[in-house]
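None of the figures in this text is laboratory data; all of them are computed from the coordinates on show. Computed from a prediction, not measured in an experiment: that's the story for all the values here. Here the Cβ positions follow ideal geometry from the backbone for every residue, glycine too, while neighbour counts run over all protein chains shown.
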Amino acid sequence: MRLPNDVVRRAALVTYESEINIVSYADHGRIYLKVTSDYVMIEAIDKGQGIADIELAMQEGYSTATDKIREMGFGAGMGLCNIRNFSDFFRITSDVGKGTHLKMVIKIDKLFDGI
Amino acid sequence: MATLGEIVAALDLKVRSGEDKMGTEVHGGYTGDLLSDVMAGSKEGDLWITRQTHQNIVAVASLKDHAGIILAGGAEPAADTLEKAKREGIPILVSNRSAFETAGMLFEMISSQKTGRSG
């Protein structure tokens, strides 16, 4: 199956941002990818500190990154915003002290709404 | 629009990888060191100007399909960055000028050629 370039690019972008978040903030995590003819679904599930205030974490520019993370060009407080903006469907849930669960869907068929 | 080769010659850049990509046409550019900002704002085919030298720049350029990366201020790519860039065929070019000057010259070059073409 050949996917449209923009779908692949958006899927790679949101997966990369999710991966950076797991490496930067969680103890460990897993990323699941599901590809169907209608959509690509990515889930990033981690065990770790979790996010106390999701609304705040979703604010562009807000970040709890350390200097080490920032030196690498990350920690701009844009990761979750990018994940939301480049997905067609985005859900974030988190338990403080347990971990965070991101679910993203990128549509291949623009008319598909069966999420 | 200009080719990578024309830009390399005009801006006096050193080619560290992607020597075989000098015919690539460049239609635009983006400047930034914050990777998430670059991923959000840059477009396919852009030439990206940055000071970051670690290997994550290759990942960003690759997933955004950039024409290449210009390291400004004479910054050299880290060894693993260069290795990855060569493997993925991403041109890395080094500019001895600041990011400000490099971006100014690149903008001038691309936009003047655009004007020239359209009349």
**Prompt:** How big is the charge dipole of the protein assembly as shown about its Cα centre, in debye rounded to the nearest 20, if each Lys and Arg gets +1 on its Cβ and each Asp and Glu gets -1 on its Cβ?
**Reply:** 320 debye
**Asked** Can you give the angle from 0 to 90° between the axis of helix A:5-25 and the longest principal axis of chain A, with both taken from C-alpha atoms, to the nearest 10?
**Response** 20 degrees
**Request:** Have a look at region A:1-89 and give its Rg and Dmax from the Cα atoms, expressed in angstrom.
**Result:** 13.8, 42
**Neighbour-count order for B:His54, B:His66, fewest beta carbons within 10 angstrom listed first** = B:His54, B:His66
**Prompt:** Once amide H atoms are placed 1.01 Å from N in the peptide plane, what residues at a sequence separation of 5 or more from B:Ile49, or on another chain, have their amide H within under 5 Å of its amide H?
**Reply:** B:Tyr30, B:Thr31, B:Gly32, B:Ile70
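With each run of n ≥ 4 DSSP H residues scored as -39500 (n - 2.57), what mean residue ellipticity at 222 nm is computed for the protein assembly as shown after dividing by its residue count and rounding to the nearest 500 deg cm²/dmol?
Working: 9 runs with 90 residues, N = 234.
Taking each H run of at least 4 residues, the total per residue is -11500 deg cm²/dmol.
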**Complete:** Expressed as a whole-number percentage, the relative contact order of chain B with C-alpha contacts under 8 angstrom and at least six residues apart is 30 percent
**Complete:** Counting only residues 5 or more apart in sequence or on a different chain, those whose built amide H sits under 5 Å from that of B:Val26 are B:Ala2, B:Thr3, B:Leu4
**Fill in**
Between the Cα axis of helix B:99-118 and the main Cα principal axis of chain B, the angle (0 to 90°, nearest 10) is 40 degrees
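Given the protein assembly as shown, what percent of its DSSP beta bridges are antiparallel, to the nearest 5?
The antiparallel proportion sits near 75 percent.
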**Asked** HN-Hα J couplings of region A:45-61 from phi, Karplus 6.51/-1.76/1.60, θ = phi - 60°, integer Hz, Gly and Pro as x?
**Response** 10, 10, 10, x, 5, x, 10, 6, 10, 5, 4, 5, 5, 7, 6, 5, x
**Request:** Please give, to one decimal in nm, the separation of the simple spin-label points placed at A:Asp109 and B:Glu83, each 7 Å out from Cα toward the Cβ.
**Result:** 4.5 nm
**Request:** Considering Cα pairs under 8 angstrom that are at least six residues apart, work out the relative contact order of region B:44-104 and quote it in whole percent.
**Result:** 37 percent
**Request:** For each of A:Ile92, A:Ile54, count neighbouring Cβ atoms within 10 Å of the residue's Cβ, then give the residues from fewest to most.
**Result:** A:Ile54, A:Ile92
